[in-house]
1. Can you pull out the residues in region C:167-185 that are touching a helix residue (DSSP H, G or I) at 6+ places or on another chain (Cβ under 6 Å) and within 21 Å of C:HIS118 (Cα to Cα)?
2. Looking at B:ALA123, B:ALA106, which is the one that is hydrophobic (A, V, I, L, M, F, W, C), surrounded by fewer than 19 Cβ atoms within 10 Å (Cβ to Cβ) and modelled with pLDDT under 75?
3. Give me a count of the residues in region B:189-205 that are closer than 18 Å to C:ALA139 by Cβ and small (Gly, Ala, Ser).
4. Which condition breaks for B:PRO77 when tested against (1) at pLDDT 90 or above; (2) more than 14 Å from chain C (Cβ to nearest Cβ); (3) surrounded by fewer than 14 Cβ atoms within 10 Å (Cβ to Cβ)?
5. Considering only residues that are away from chain C (no Cβ under 11 Å) and in contact with an Asp or Glu (Cβ under 8 Å, 6 or more places away or on another chain), which ones fall in region B:163-182?
6. Go through (1) at pLDDT 85 or above; (2) closer than 26 Å to C:ARG82 by Cα and name the single condition B:ALA171 misses.
7. I'd like to check something: does region C:119-140 contain any residue that is buried (at least 19 other Cβ atoms within 10 Å of the Cβ) and part of a loop (DSSP other than H, G, I, E, B)?
8. Give the number of residues within region B:40-59 that are assigned to a helix (DSSP H, G or I) and within 7 Å of chain C (Cβ to nearest Cβ).
Amino acid sequence: MGLAGDATDSEVVRAVLGGEVERYAVLVRRYRDRYARYAARMLGSLDAGEDAVQDALVRAFDRLADCREPDKFAGWLFLILRNRCYAERRRRQREGRPLDERDDGVAAADRPDGTLEEAERMRALERSLTHLTPEQREVFVLKHVEGLAYDEIAGRTGATVASLKMRMHRAYDRLRDLMKEHL
Amino acid sequence: MSLGYHPLVKRLLDGELSLAELPPELRAEGAEALRLVGAVDRTPVVLSPTLDDRVMAVVRRHAASRTRRAWHWLTAPRDVELRLRVRPALWAGALAIAAGVALLLARAPGSAPAPAPVARSGARDSVFVRFVLYAPGARHVAVAGTFNQWDRNAAPLVRAGTTGVWTTTLALPVGQHQYAFVVDGERWVADPAAPAIEDGFGRRNSMVAVTMRGAHTL
Amino acid sequence: MRSFLALGFALSTALRLAAQDVGARLEGHVPPEVQSAVKDIAADAAARGLPTEPLVQKAIEGGAKRVPAGRVIEAVRALAARLAGATDAVRAGGLESPKADVVEGGADGLSAGLSAGHVSALVRASRAAYDPALVLRVAATLAALGVPPKQAVQLVEGMIKDGRSSSDLLSLPGEVQAGVADGATPAEAAERVNHGGGNGVGNAGGNGPPHPPDWVPPGQGKRHKPPNPHKP
């Protein structure tokens, strides 16, 4: 659709594997923003998210020959990005750096019906999310930001629905504690 | 550490229950929980417009270096015999040619006859040019161009090991040539690393110039 | 008068023979309608003193690529027009009777995005010291690598003005290609070559070309915001 024409992911992957390097730009254009929000929320800032998306797209190209099912490119790319986000998180922990505080967020006050109180609550929630474990943060983002159902999350990440719910429920408790002044 | 949410409230947050379905004594807690989760920022994120270019720049670099690496693999063990028949100065010049496409193995006037795997051209003013394409997903690759009447069957490439690289060496007459790779018998693919020119039919051809000094990106 | 007539006769015979030759070469490569149309286009081109070989090649290419007949004919006609345009441009640059390779070089230049003015300027710059076919080829190839046409022309003219050798001119596209392989855009790579930086054509497989300390490969620069002083 649109600029990229009607070529399916599968067709583009095959073309790139047939030597047409430039066709990869179609997949870049198609997926550049799809997981941007996920990456930004996993890592705490737009900059970090953008770095992760850029690296993931490059790595997906490097390993394109390993993409077993070319028509499942989207899911395969997501896993590469997910691994990248987890690796970045581990690296920062090793280096003693916390996740970036959001310095570019859209404040609730910018939204037409927002109040100051809501803006503060939103910022507080963002900060609190950085204190969750990566697994808790991920399930929260995928469910409440990306709007996926538990079975969809299970399909993407390989976890069971039961373990996802367990993580989520712990996350709810933790967030309640961290957010108590704002509730 | 405050008390966590009641299990029913958690099910509310999971979307499995509505507020009205909660027991009355839990509704305040439920409303509070919904306020918490409702505070999450769902604003879509759009990354900077230069991301595409940055990704493709790195992608091209990786593609070119892959071909270069295949190069060294190709030129090292298999071409010892060819190398011996070439003047050293020309060989060094050949190695200096950048990224990807055509390696020249110049035949100096009066040198030994062409080695076995390469078809003998017969003409004195022709030069051996190697073509390389990284295409791990291809089942069949050939090169066609002005030097072989664009015949897709005239010059098949062979796989070089298991790296996904395809290659062949042709004796080309001196002059300017256009060419393209033919993948799986039907897809015309320009050489990613060579200069590209519109073919007039909606695709692009690659260019290579062959002189007695060798093959050039020209 | 008689000799003039004789010349005219010889010329038209030659043209007829050439047309037959075109027909024979296209036989089996393209359908009859293309064969016939291209014969006419080629005969017309020959009468105007244009090279016909590229036209035959283009038709064979179209046949091999299984392009519909109408499209092939259109492309051959367009190429003939380009050859004519190139001839005019080369003549405007001072070469009265250009050889086929100069005209073809000019036509490739036009295909790659150079203007007729660029072609004339390059021919003029070549004068006696440089082979205009070579100069046009270099500029056309730079443009075909993605260097903006004006920049490509300036780069070549600059090297001519500096009295650089033909060898150096011939190396230009390879150097730009090396820069692109390292992640620069074609324009950036050409700029580097222009300032004498080079792109390390001689370092096949080494650690990469030497860079000045402030040159960041485009794949790795940061973007919309200035660097955060709090980040390591």
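1. If the condition is that a residue be touching a helix residue (DSSP H, G or I) at 6+ places or on another chain (Cβ under 6 Å) and within 21 Å of C:HIS118 (Cα to Cα), then C:LEU169, C:LEU172, C:PRO173, C:VAL176 are the ones that fit.
2. Working: B:ALA106 fails: surrounded by fewer than 19 Cβ atoms within 10 Å (Cβ to Cβ).
So the residue among B:ALA123, B:ALA106 that is hydrophobic (A, V, I, L, M, F, W, C), surrounded by fewer than 19 Cβ atoms within 10 Å (Cβ to Cβ) and modelled with pLDDT under 75 is B:ALA123.
3. Counting residues in region B:189-205 that are closer than 18 Å to C:ALA139 by Cβ and small (Gly, Ala, Ser) gives 2.
4. Unmet for B:PRO77, out of (1) at pLDDT 90 or above; (2) more than 14 Å from chain C (Cβ to nearest Cβ); (3) surrounded by fewer than 14 Cβ atoms within 10 Å (Cβ to Cβ): (1).
5. So in region B:163-182, the residues away from chain C (no Cβ under 11 Å) come out as B:163-174, B:181.
Selection gives B:PRO173, B:VAL174, B:PHE181.
6. (2)
7. yes
8. The initial filter retains those residues of region B:40-59 that are assigned to a helix (DSSP H, G or I), namely B:51-59.
If we keep only those that are within 7 Å of chain C (Cβ to nearest Cβ) too, we end up with B:54, B:57-58.
Residues that pass the stated criteria total 3.
The values are calculated or read from the model by the stated rules, or taken from the named source; none is laboratory data. What you are looking at is a predicted structure, and each value in this text was computed from that prediction instead of being measured. Counting neighbours? That spans all protein chains shown, and the Cβs are built from the backbone with ideal geometry, glycine included.
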